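Written out below as structure tokens is the structure these notes cover.
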Amino acid sequence: MKFHFLTYVVALLLISCSGKVDKTVKAPLKLWYETPAENWNEALPIGNGSLGAMIFGNPVKEKIVLNEETIWTGHKMYDRDKKDGHKYIREVQALLMEGKYIEAERLASDKIMAERFPTGTMTNQMLGNLFIESEGLEGFTNYKRSLDLNNSIATVTYEKGGVNFFREAFSSYPDKVMVFRFGADKPKKISFKAWVERNENTKIEIKDNSIIFSEHVGNGDGVKFASVLNFEVSGGKISEEGGKIKVEEASQVIIRVVAESDFRGGDPLGICGERLKTVMSVAYDKLLRFHVEDYKGLFDRVSFKITENDGEDLPTNLRLENVKNGVEDDYLTQLLYQYGRYMLISSSRPGSMPANLQGIWVDGFKPPWNSDYHININIQMNYWLAELTNLTECHIPFLEYIGSLREMGRLTAKETYGCGGFVAHHTSDIWGFTACFGKPQYGMWPLGAAWSCQHLFTHYEFTKNKEFLRDYAYPVMKEAAEFFVDLMVEDPKTGYLLSGPSISPENRFLTKDGQVATMNMAPSMDRAIITELFQNCIASAKILNIDDGFRAQLQTMLEKIPPQEVGSDGRLMEWVEEFEEPEPGHRHISHLYSLHPSNQITKQKSPDLFEAAKKTLEHRLANGGGHTGWSRAWIINFWARLLEAEKAYENVLALQRKSLLANLFDNHPPFQIDGNFGYVSGITEMLLQSHAGEIVLLPSLPKAWQSGEIKGIKAKGGFELDIKWDKGKLSEAKIKSTFGNPCKLNYNGKLKELELEAGESILLDSNLTGS
């Protein structure tokens, strides 16, 4: 049965909008600067999930980097897998179980792994650069550019010759249009020339007060796209001059931008024309109102406050500079938190593709790592915040994408492994490729789809939608599990069932004779992901009362998967054997998957592993770990789960001081959006956890946040919470039950069991006493 995501999203919206609208005055949440951006890493992002821009804000020569999510080179490749790789899988497994790691890697590289394409092949690209050049504005004063997170509007203001100029921009999800408005407080003061640049293959024409440009990208190997930029001029003249739009003495100019590719079918130029025709009939004020109402319907669900500072005392770049020099800035902390939510709303909406390594914002034609979907941590981290921070609709593009990987993943499972089900490796893209490619150190890892499937069950745990579980999530999870049912092999020495060939993502170990190896059977992360996948399939089948035989098969296999073990030094072992690492401060900390994002290691049910996880993290950090932005963000989540409030906070500060660019983009380096998103989930985990069967309030509240509140965050089981604290202690908590499920609350070891009706709320004091 085909699952209809559009119908499902409508149902989610009805549930999400059933509560009261928060009409309280919002505290200012702005990124703002007193100078234009000098490069892309200083520009400010806007987006509607599909159509975005990076705005530099230069009054004299403005540059706006335009983006549309489906501008990709390449095509679907049904022959991407190494032919006959499956003939060698069992031989590689045998070599690994015999400890012949180097021989196994050579065989896998030669016979199983496909070739990696050069960087810039099969890549995301920008839509184009829009330039707007104005004469006579040199020497402008009173300059300010800002991005208002409360309404998703970017503005630029400045003064010249006694005239106050303004520019504002937004990207509308309901109307599928990006809009730029130029104005002043005196009439006929707007004059400029505007043009678009892309490359020599781009067809550009000016017609009907519009710039129309199109291209078949990738020199004919990629999508075909079209984009139209319409200039609506009030009180002035518009003409064409030298291939540019020329505006003279206007009182106001409104630029509407639409774009489309043939990725989903249809005629891009025809679609752009129809879309533009529709939005041209809507006044600017209405377009703005529709945009703001839609955006605030998501963004305003959660508020986070730990300071009375309104952010107007310092430009964002100076605030960040102070933090990098040792200042602790609570306003930056809460601003960066909401910035992450802003960016997810702006880069992932129902009907769009998932947010990639850079969301939807890329510069040029060869972005880092092709701005693709890395599914060995990065895309998963992009979505950890979605359910926690009440943005479940923004989760949908990733959930839908996981199922789409089955088409190619079935081919890879059969051709590369000789297995049923479906599989994906460390990287994919808009074309959904799933092949095992490149080098063993990063590519020989068949867990990408299985890890992604965690998000399907997590979405169910928060929404409790059985239709979603029955018709979509469970069939996808089951097919991912079927792959491992076929792949896993019994270790003749121990009787355990082992997955592989595999790796602990991108890490390496030393063999007994001192050689550096990477491939292994059943590394800790494999076991954790497969265990969770099997458990989620078993739980789903029980909920749905189906598949008794498959459920029993998985349960039998679960009992034969090697357990997580503690090494002789007290750390959690990363591999089945206790190997020495050549890089003990590696950025990946994959063997802590059981701690986060999974719930297999908790203080309550596995205290020994819990303590071993602490030692593991301490060892990684002592040896230089956490040096990339996304890795630092994951560490915040780890320490929060380990109930180490001060260490979690130390890493909040470390991320701010070491891993932020001027526009607050996370710096891997270079920019990767996952660190922004992981930061949000980490702070949320510090304030609320629900992964261990109970809702824990303020589990990792640091001393620095003496007073504060967070409203609208979510817990598993269908609960929404507002939490306030003062002098480092809980003052009150409001909990609302969406579906009427029972829940257990825990604050500082004090337990409270609640039975609330669907839609019912209760306000609890510091003693968890209701009022």
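The values are calculated or read from the model by the stated rules, or taken from the named source; none is laboratory data. In this text the structure is predicted, and so the values were computed from the model without any measurement. Don't worry about glycine lacking a Cβ; one is built from the backbone with ideal geometry, like all the others, and counts go over all protein chains shown. With ligands, DNA and RNA removed, areas are computed over all heavy atoms of the protein, side chains included. Shrake-Rupley method; radii C 1.70, N 1.55, O 1.52, S 1.80 Å.
Some observations on this one:
- In degrees, nearest ten, helix 5-16 long axis to first principal axis of the chain (Cα): 80 degrees
- Acute angle (nearest 10 degrees) that the helix 392-404 long axis makes with the longest principal axis of the chain, alpha-carbon atoms: 60 degrees
- Value of relative contact order over the chain, rounded to a whole percent, pairs C-alpha under 8 Å and six or more apart: 12 percent
- Sequence ranges 358-365, 136-143, ranked by mean other-Cβ count within 10 angstrom, highest first: 358-365, 136-143
- Listed peptides 48-54, 702-708, 675-681, 418-424 by packing density, highest first (mean Cβ within 10 Å): 675-681, 48-54, 418-424, 702-708
- If the chain linking ASP486 and LYS605 were pulled fully straight, counting 0.36 nm for each residue of separation and taking away their Cα-Cα distance, it would gain 39.8 nm.
- Using all pairs of distinct alpha-carbon atoms, the Kirkwood hydrodynamic radius of the range 131-211 works out to 15.0 angstrom.
- Ordering of 463-470, 717-724 by burial proxy (mean other Cβ atoms within 10 Å per residue, highest first): 717-724, 463-470
- Nonlocal amide H pairs with PHE739, under 5 Å, H built at 1.01 Å: GLY759
- Charged neighbours of PRO174, selected by a Cβ distance under 15 Å, balance to +2 (K, R count +1; D, E count -1).
- Quotient of Cα Rg and 2.2 N^0.38 Å for the range 310-409, N being how many residues it contains: 1.30
- Computed over the range 1-153, Kirkwood Rh from alpha-carbon pairs, angstrom: 21.8 Å
- Rounded to 10°, Cα long-axis angle of helix 101-111 versus longest principal axis of the chain: 50 degrees
- Surrounding net charge for SER659, when Lys and Arg each add one and Asp and Glu each subtract one, Cβ distance under 13 Å: +3
- Binning the C-alpha pair distances of the range 443-496 at 5 Å intervals from 0 yields a P(r) profile of 4, 17, 22, 19, 14, 11, 8, 4, 1 %, listed from the shortest bin outward.
- Helix-only CD estimate at 222 nm, as mean residue ellipticity for the chain, using -39500 (n - 2.57) per DSSP H run (n ≥ 4): -9500 deg cm²/dmol
- For log10 I(q)/I(0) by the Debye sum over Cα atoms at q = 0.06, 0.09, 0.10 Å⁻¹, calculated from these coordinates, the label among [x] -0.59, -1.00, -1.11; [y] -0.37, -0.85, -1.04; [z] -0.39, -0.92, -1.14: [y]
- Residue-count net charge about HIS691 - beta-carbon cut-off 14 Å; Lys, Arg +1, Asp, Glu -1: +1
- Accessible surface of the chain [probe 1.4 Å, protein heavy atoms]: carbon and sulfur percent: 48 percent
- Per residue, the accessible area of the chain comes to 37 Å² when a 1.4 Å probe rolls over the protein heavy atoms.
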